[in-house]
Amino acid sequence: CIKANAKSCGECIQAGPNCGWCKKTDFLQEGEPTSARCDDLAALKSKGCPMEDIENPRGSKQVLEDREVTNRKKGAAEKLKPEAITQIQPQKLVLKLRVGEPQTFSLKFKRAEDYPIDLYYLMDLSYSMKDDLENVKSLGTALMVEMGKITSDFRIGFGSFVEKTVMPYISTTPAKLRNPCTGDQNCTSPFSYKNVLSLTSEGNKFNELVGKQHISGNLDSPEGGFDAIMQVAVCGEQIGWRNVTRLLVFSTDAGFHFAGDGKLGGIVLPNDGKCHLENNMYTMSHYYDYPSIAHLVQKLSENNIQTIFAVTEEFQAVYKELKNLIPKSAVGTLSSNSSNVIQLIVDAYNSLSSEVILENTKLPKGVTISYKSFCKNGVNDTQEDGRKCSNISIGDEVKFEINVTANECPKKGQNETIKIKPLGFTEEVEINLQFICECQCQSEGEPNSPACHEGNGTFECGACRCNEGRIGRLCECSTDEVNSEDMDAYCRRENSTEICSNNGECICGQCVCKKRENTNEVYSGKYCECDNFNCDRSNGLICGGNGICKCRVCECFPNFTGSACDCSLDTFPCMASNGQICNGRGTCECGTCNCTDPKFQGPTCEMCQTCLGVCAEHKDCVQCRAFDKGEKKETCSQECMHFNMTRVESRDKLPQPGQPDPLSHCKEKDVDDCWFYFTYSVNSNGEANVHVVETPECPSGPDIIPIVAGVVAGIVLIGLALLLIWKLLMIIHDRREFAKFEKEKMNAKWDTVS
């Protein structure tokens, strides 16, 4: 928001959806530019701008027309006109858009049962389709019966096409113009497109008129079918299209010419996409080129026509590629004589009607739209797939979530209208887009206000919007005066050569401070001499995180002081376990004990390396008063009456930790080497209290008999062990000697023998 450098409230709210404008008159600090009024909401509140003074208009949506989708069954007594049937909801709404803030609404679509259908059969009557024509002649009544299973309101029409009536597409010799076929074949003259039968509910009339048609002929293999499709699409009045489901069945056994092919016949004018039917014949085929595929897609979509290509096996691949370019179209394989055309149409219709694809008209500049679909069986999609749902049966309801976002305001701020509709359907949602490009307070502005230097600007939203040729926060200067050296003198501090402390520029004799890359860091002051980021730091934080930096000086929060607000006035860290600050031996400075007696140390002045402990300090007095013995026995009444003493029976009866007064548990030896136990505590009144166990624990003397018996037994056992060891060594020695004797005896026998 800061980087947008907004000069007005309108510019500010266009900078982003989280930007607000503070209209409080005295909001700006000295030296701050008008653009500092524009910031995110949290920053404005932290700078002291009340919520009621923050301009932050939000977008909204309003549904103007919201008829429920139609629920009715086929064969119901109630017969509705097509325009009374609703398949899409809502129908009309207004979106107020703020830049960067999306507005979301839900769109519901439901396929109505027994919805009317108009079907136009467009047939190639070139000579190769001769056998197909015979089967199509009885198509009307048979198709009426089959489509009657789907809808009770069905109409059918018929048209035919051959080719452009110029060379080299047809032969232009008089004889060939009369009968383009060879031999004794009776063919009709070639033509581009003829509307034989406008849409009608009379199937017999279809059979009658189609039965009178004759095959024609041409020279090249591709046909002029695109000319015919264009005329069928744009000549709605002559064809008789209603605002219902519109189906166009295109039947051929050949390829097609498209834009650019007309040059072969000297035709260079692009197709104009307009209706040129006279007496149900297309009269401008020799004048306009074939339409392009994109042009056809546009016109078919504009007129909500769904196309079914009924083509032979040979051209399936070509028309499947064409299908991928034309939304809401299908391809069926036509048998060689068109005998399967009825089943092909029914299958293709079911395929087309089971898918809904949303499309929108051209969006205004800077407006984007996104879709999210909620289809059957929990199937959800986004992005391009979010526009469509498949496998929809009659009566099924699907929903779409649509986001509309304005990324910029139109130059004139005028309203725009877009429309969203399902491809192949006439119903649509009309959305009026209203752009929020100005703030409410701007309409309350005061032109030529005295607050803007004698009427040199409009005072609006707490600031001046200067007239042409005027600048300055209060429009006090003209653009001719900006570079005047006399003005610079007002921007220098006394005894300084720096203009605006080198932290801003002098405009109109006033300093306008520079902006920092970090938008939280701000220069301010009459000469831009102040800032909020050059204060003393502690722990790497400005003002230690415990204050606010104003004009390079820390203003500390309560309970903090010091140049970097690093000194806490809180005495809790200095509180000793006995409830005294620093144990009464020091002062608490910045949350730390400063011990006044140098022999004491520690966080609360509790440690003294050269001092006796509490127990050792009082043991002689406790011993003399409790047991009438010890070093102070003679002087006990003079030196040891400074505490109250209570005798208890056992150690369990001594006071335990957890009582309010600080407590020390002691265990000391008396002059008879007996242990005695006592506690020492000081209450809140400063009185010392001693609790002592009345009976010392003296060690008992040694038991002589077991000791003597143990010593004697030990000596005996050691003697026996030594005898056993000596005996074992002797046995080992004797055995070795005997073995040696036996060996020498054997050696002596050998010597005697020799």
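Short-range pairs are left out: with C-alpha atoms under 8 Å and at least six residues apart, the relative contact order of the chain is 9 percent. Among the GluC sites (Glu not before Pro) found in region 685-744, those both in a DSSP coil and sparsely packed, with 15 or fewer other Cβ atoms within 10 Å of their Cβ, are Glu687, Glu694.
Just to confirm a number: summing +1 for Lys and Arg and -1 for Asp and Glu over residues other than Pro410 whose beta-carbon lies under 9 angstrom from that of Pro410, what do you get? Charge balance near Pro410 sits at +1.
Rounded to the nearest 20 debye, the dipole size of region 614-693 about its Cα centre is 160 debye, using +1 on the Cβ of Lys and Arg and -1 on the Cβ of Asp and Glu. For the chain, the 222 nm mean residue ellipticity estimated from helices alone, with every DSSP H stretch of n ≥ 4 adding -39500 (n - 2.57) and the total spread over all residues, rounds to -6500 deg cm²/dmol. If I stretch the segment between Asn518 and Glu401 completely, what's the gain in nm (0.36 nm per residue apart, minus their alpha carbon distance), one decimal? Between Asn518 and Glu401, full extension yields 38.3 nm more.
Would you please report the Å³ per residue occupied by the convex hull of the alpha carbon atoms in region 120-246?
Given the Cα convex hull of region 120-246, per-residue volume reads 108 Å³.
Is the shape of region 614-693 best called rounded, prolate or oblate, per the rule: a/c under 1.5 gives rounded, else a/b larger than b/c gives prolate, else oblate, with a ≥ b ≥ c the square roots of the Cα gyration tensor eigenvalues? Because a/c hits 1.5 or more and a/b fails to exceed b/c, region 614-693 counts as oblate.
Within the same chain, aspartates and glutamates fewer than 8 places from Lys745 are excluded, and of the rest, those with a Cα less than 14 Å from its Cα are Glu737. Putting +1 on Lys and Arg Cβ atoms and -1 on Asp and Glu Cβ atoms, find which of Ile436, Asn518, Gln238 reaches farthest to the positive end of the dipole of the chain. Selected residue: Gln238.
For the pair Ile293 and Ala317, a Förster radius of 22 Å applied to the C-beta separation gives a FRET efficiency near 0.90, rounded to the nearest 0.05.
Candidates Leu64, Asn18, Val331 compared by Cα position along the dipole of the chain: farthest toward the positive end lies Val331, with charges placed on Cβ. Backbone amide hydrogens, once placed in the peptide plane, bring Ile392 within less than 5 Å of Glu355, excluding anything fewer than 5 places away on its chain.
Leaving out ligands, DNA and RNA, and with a 1.4 Å probe, what % of the accessible surface on the chain is carbon or sulfur?
On the way: 19900 of 40070 Å².
So the carbon and sulfur contribution to the accessible surface is 50 percent.
Which shape class applies to region 36-189: rounded if a/c is under 1.5, otherwise prolate when a/b exceeds b/c and oblate if not, where a ≥ b ≥ c are the square roots of the Cα gyration tensor eigenvalues? Because a/c hits 1.5 or more and a/b fails to exceed b/c, region 36-189 counts as oblate. Around the Cα centre of region 1-151, unit charges on the Cβ atoms of Lys, Arg, Asp and Glu (plus for the first two, minus for the last two) sum to a dipole of about 380 debye.
Scattering from the C-alpha atoms of the chain alone, worked out with Debye: what is log10 I(q)/I(0) at q = 0.10 1/Å? Here log10 of I(q) over I(0) equals -1.05. Summarising the label geometry, the points placed 7 Å from Cα in the beta-carbon direction at Lys669 and Leu541 lie 5.4 nm from one another. Applying 0.36 nm per residue to the separation of Ile732 and Thr172 and subtracting their alpha-carbon distance, the gain on full extension is 187.4 nm.
In a shell of Cβ-Cβ distance under 9 Å around Leu433, excluding Leu433 itself, what net charge do Lys and Arg (+1) and Asp and Glu (-1) give? After counting each charged neighbour, the total is 0. Candidate cross-link partners of Lys669 among the lysines, defined by an alpha-carbon separation under 17 Å and a same-chain spacing of 8 or more, comprise Lys619, Lys629, Lys632, Lys633.
For region 621-675, the per residue solvent-accessible surface stands at 66 Å², with DNA, RNA and ligands left out and a 1.4 Å probe. Quarter the surface of the alpha carbon convex hull of region 117-353 and you get the mean projected area, 11.6 square nanometres. Remark: for residue pairs Lys328/Lys372; Lys110/Lys388; Lys320/Lys376; Lys299/Lys362; Lys130/Lys164, the C-alpha separation exceeds 22 Å in Lys320/Lys376.
Modelled spin labels at Gln638 and Asp131, positioned 7 Å past Cα toward Cβ, are 14.7 nm from each other. Measuring nothing but how far apart in sequence close Cα pairs (under 8 Å, 6+ apart) lie, relative to its length, region 160-289 scores a relative contact order of 30 percent. Computed extension length for Lys412-Val716: 97.2 nm, one decimal, from 0.36 nm per residue of separation with the Cα-Cα distance subtracted. Here is the list for region 372-412: trypsin sites (Lys or Arg not before Pro) lying in DSSP coil, each with at most 13 other C-beta atoms within 10 angstrom of its C-beta, are Lys411, Lys412. Placing a label point 7 Å from the Cα of Arg552 along the Cα-to-Cβ direction, the residues of region 501-528 whose backbone N falls under 16 Å of that point are 501-504, 514, 522-528. Once both labels are positioned 7 Å from their Cα atoms along Cα-to-Cβ, the gap between Thr361 and Gln383 label points is 2.9 nm. Amide H contacts under 5 Å for Lys164: Gly224, restricted to partners 5 or more places along the chain or on a different chain, H placed in the peptide plane at 1.01 Å from N. A probe of 1.4 angstrom, applied to the heavy atoms of all protein chains, finds Trp241 with accessible area near 30 square angstrom.
Could you give the size of the charge dipole of the chain about its Cα centre, using +1 on the Cβ of each K and R and -1 on the Cβ of each D and E, expressed in debye and rounded to the nearest 20?
2200
Comparing Cys582, Val622, Asn532 along the charge dipole axis of the chain, the residue lying farthest to the positive side is Asn532, per the Cβ-charge model.
The values are calculated or read from the model by the stated rules, or taken from the named source; none is laboratory data. Here the structure is a predicted model, which is why all the values come from computation and not from measurement. Heads up, the Cβs are rebuilt from the backbone with ideal geometry, glycines too, and the neighbour counts pull from every protein chain shown. For the accessible areas, the whole protein counts, side chains as well, though only heavy atoms, and no ligand, DNA or RNA atoms are used. Shrake-Rupley method; radii C 1.70, N 1.55, O 1.52, S 1.80 Å.
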